[in-house]
Amino acid sequence: MSDFVTSQAFIAHASKFLLGDYLPKIERCLEKLSDEQIWWRANEESNSIGNLILHLCGNARQWIICGVGGAPDARDRDSEFAQRETIPRDELLMLLRSTLSEVQTTLANLDPSILLEHRKIQGNDVEILEAIFHVTEHFSMHAGQIFLLTKILTATDLGFYDFETGTPVVRWRSGPSGSY
C-alpha cells in the first residue's frame, strides 16, 4: 500500500470518527438533557457539558480549520470554560454540527501527500498528521466525559449499542445528524 493511500485512509478515518461516531453520540446525549442539565457543574473546578462542547468546537476549529486549513484563528480558549450563561441546547448542537461540517470540508480538501508538513498551532510546531490525530483523540476524551455526565444526570443507558443478539448493533447512526 502506498503512503498516499495510507494518508487518504488516515484522513477518512479521522473524519469518520468525528462525524460518524462522536457527533451522533453527543447528539444523543444532548437529546436526553435539559438546558439546566447541560450547564450543570459538579463543582467550580469541573466543566459542564456545555463548556465541553464549546471547548471541542474551539479545539477543532483552531487545530484543523485554522491550523491545517489556514482559516484565521481568533480562538479565546479561556472563554470556553468561563461560560456560565446558558446557551440553549439547539444552539450548542448547531455550533457543534457546523464546526464539524467545516472540519469535514477541510479534511476532504486536504492533499494527503502533505500530512508530514509542519504547522504552528497553539504555539507548537506540529505535523498536519499530528494535528488531525490530536483533534480526534481530544474529541474522544471529552466525548467520554459527556457520556459519563449524561449517564450520571439521567441515570439511563445511552443505548449506543444493542447487545440482545449477542452482536453489538449500532443504534444511533440514523439519528438527527443523518445517516453515517
**Fill in**
For the chain, the charge dipole (Cβ of Lys, Arg +1; Cβ of Asp, Glu -1; about the Cα centre) points to a positive end, and the Cα of LEU153, PHE139, ALA9 closest to that extreme belongs to LEU153
**Prompt:** Any idea how far apart GLU164 and LYS16 come out in nm if each label point goes 7 Å out from Cα toward Cβ?
**Reply:** 2.8 nm
**Fill in**
For the chain, averaging the sequence separation of alpha carbon pairs under 8 Å that lie six or more residues apart and dividing by its residue count, the contact order in percent is 32 percent
**Prompt:** What spacing in nm lies between the two simple spin-label points modelled at ARG84 and GLN145, each 7 Å away from Cα in the Cβ direction?
**Reply:** 1.9 nm
**Prompt:** Accessible surface of MET141 in the full protein assembly, 1.4 angstrom probe, to the nearest 10 Å²?
**Reply:** 100 Å²
**Request:** Work out the FRET efficiency for THR6 and ILE152 from their Cβ-Cβ distance, taking R0 = 45 Å, and round it to the nearest 0.05.
**Result:** 0.70
**Request:** Using every pair of alpha-carbon atoms in the chain, split the distances into 10 Å bins beginning at 0 and state the percent of pairs per bin, rounded to integers.
**Result:** 9, 36, 33, 18, 4, 0
**Complete:** Hull surface over four for the Cα convex hull of region 86-151, reported in nm², is 5.8 nm²
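Per DSSP H run of n ≥ 4, the term is -39500 (n - 2.57); total these for the chain, divide by its residue number, and report the mean residue ellipticity at 222 nm rounded to 500 deg cm²/dmol. If you can, show how the numbers build up before the last one.
Details: 7 runs with 91 residues, N = 180.
Rounded to the nearest 500, the figure is -16000 deg cm²/dmol.
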**Asked** Per-residue HN-Hα couplings for region 111-127, Karplus 6.51 cos²θ - 1.76 cosθ + 1.60 at θ = phi - 60°, whole Hz, x for Gly and Pro?
**Response** 6, x, 6, 9, 4, 9, 6, 9, 9, 9, 10, 6, x, 10, 8, 10, 6
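The values are calculated or read from the model by the stated rules, or taken from the named source; none is laboratory data. Only a predicted model underlies this, so the values are computations on that prediction, with no experimental measurement involved. Glycine also receives a Cβ, built like all others from the backbone with ideal geometry; neighbour counts cover every protein chain displayed. Ligands, DNA and RNA are excluded from the accessible area calculation, which covers all protein heavy atoms including side chains. Shrake-Rupley method; radii C 1.70, N 1.55, O 1.52, S 1.80 Å.
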